[in-house]
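Shown next, in structure tokens, is the structure this report addresses.
The values are calculated or read from the model by the stated rules, or taken from the named source; none is laboratory data. A quick note: this is a predicted structure, and the numbers were derived from the prediction, not measured. As a convention, Cβ positions derive from the backbone with ideal geometry for all residues, glycine included, and neighbour counts pool all protein chains shown. Surface areas here come from the heavy atoms of the whole protein model, side chains and all, with no ligands, DNA or RNA. Shrake-Rupley method; radii C 1.70, N 1.55, O 1.52, S 1.80 Å.
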Amino acid sequence: MILMNDVYKTYANGVTALNGISVDIKQGEFVYVVGPSGAGKSTFIKLIYREVKPTKGNIVINEINMTDLKEKRVPLLRRDIGVIFQDFKLLPKLTVFENIAFALEVIEESPKKIRSRVMEVLELVGLKNKARFIPDELSGGEQQRVSIARAIVNNPKIVIADEPTGNLDPDTSWGIMKVFEEINARGTTILMATHSKEIVNTIKKRVIAIEDGLIVRDEHRGEYGYEI
Ligand code: ADP
Ligand code: ADP
């Protein structure tokens, strides 16, 4: 489902972020990506939804070979991948409902279908009663729940989260992790870059550690492995 074979990424400024990465992640896995700042975690994650292209090496996502993927087919690939960011990236002038409905409007679902699906995901993230709020009226944890709802509304096979609890207090972070576990229990693959030692060492999952652009550890039910 996510396959990388000897992947390198050197940015235009000459910085090499990834130095020969190989990985095989199966449907339904829950994977933490850990490592020091600047190690290449975000680059690794961005390769999966084609925010970044590899300099060398082969990547296959959901049976789609990214090496010969035409630009016009990128939106199709992204439809199967939900992305969640540390800073939420919600549209500030749209309501919670509208922020989530957006992805379904793009693919021209019927208004009836949109309404039922948006309310379904809002229920899953525990925000059914906030559909008419705008992001500014919500707490950080609630805004992250909205961004999770937005990421899963299309039923993607993969959910990618880059430090999703980075801006949240510990209590709120545990609530967000419950939502990720629920989504994973429904068969969705989850890839989450994190600096939270507490989360990784408590909710045990596969751990991939990246240092200096290389995978230095790949363990089933692994440990965080760093002091901070
Ligand atoms: P992490 O997510 O582990 O902090 P990144 O993948 O963001 O690591 O960064 C890895 C390296 O690539 C760092 O040295 C960073 O400065 C560099 N880098 C990241 N993005 C870019 C970019 N767009 N252009 C140039 N260098 C970049
Ligand atoms: P937290 O304890 O998670 O930081 P807050 O104290 O920010 O939460 O918010 C608590 C509740 O108050 C939330 O349910 C949120 O929707 C509501 N709220 C916060 N700010 C506003 C606002 N500016 N307008 C309306 N409701 C708000």
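A few remarks follow.
- A dipole drawn for region 62-162 from +1 and -1 charges on Cβ atoms has a positive end, and of PRO75, LEU94, ILE107 the residue lying farthest that way is ILE107.
- The 1.4 Å probe gives accessible areas that order PHE44, PHE97, largest first, as PHE97, PHE44.
- Filtered chymotrypsin sites (Phe, Trp or Tyr not before Pro), region 176-228: DSSP coil and at most 16 other beta carbons within 10 Å: TYR226
- Of the residues LEU138, LEU124, VAL23, the one whose Cα sits farthest towards the positive end of the charge dipole of the chain is LEU124 (charges of +1 on Lys and Arg Cβ, -1 on Asp and Glu Cβ, taken about the Cα centre).
- Rounded accessible area of GLU142 (nearest 10 Å², 1.4 Å probe): 40
- With N the number of residues in region 149-228, Rg(Cα) / (2.2 N^0.38 Å) evaluates to 1.11.
- Carbon + sulfur, % of accessible area of the chain - ligands and nucleic acids excluded, 1.4 Å: 49
- CD proxy at 222 nm, helix term only [per DSSP H run n ≥ 4: -39500 (n - 2.57); per residue of the chain; nearest 500]: -9500 deg cm²/dmol
- Ranked from largest to smallest solvent-accessible area, with a 1.4 Å probe on the protein heavy atoms, LEU214, LEU77, LEU90 come out as LEU214, LEU90, LEU77.
- Net charge in the neighbourhood of GLU219 (other residues with Cβ under 12 Å of its Cβ; Lys, Arg +1, Asp, Glu -1) is +3.
- For ASP162, solvent-accessible area (1.4 Å; no DNA, RNA or ligand), Å²: 40
- Chain lengthening between GLU223 and THR202 when straightened (0.36 nm per residue, less Cα-Cα): 6.7 nm
- The GluC sites (Glu not before Pro) of region 3-105 that DSSP puts in a loop, and whose beta carbon has at most 10 other beta carbons within 10 Å, are GLU63.
- Accessible area of the chain divided out per residue, in Å², using a probe of 1.4 angstrom: 50
- Proximal aspartates and glutamates to LYS93, defined as alpha-carbon separation beneath 12 angstrom and excluding residues fewer than eight positions away on the same chain: ASP136, GLU137
- Trypsin sites (Lys or Arg not before Pro) within region 117-170, DSSP loop, no more than 11 other Cβ atoms inside 10 Å: ARG132
- Normalising the average separation of contacting C-alpha pairs (under 8 angstrom, six or more residues apart) by the number of residues puts the relative contact order of region 1-154 at 21 percent.
- Binned Cα-Cα distance frequencies in the chain - 5 Å width, integer %: 1, 7, 15, 18, 19, 16, 12, 8, 3, 0, 0
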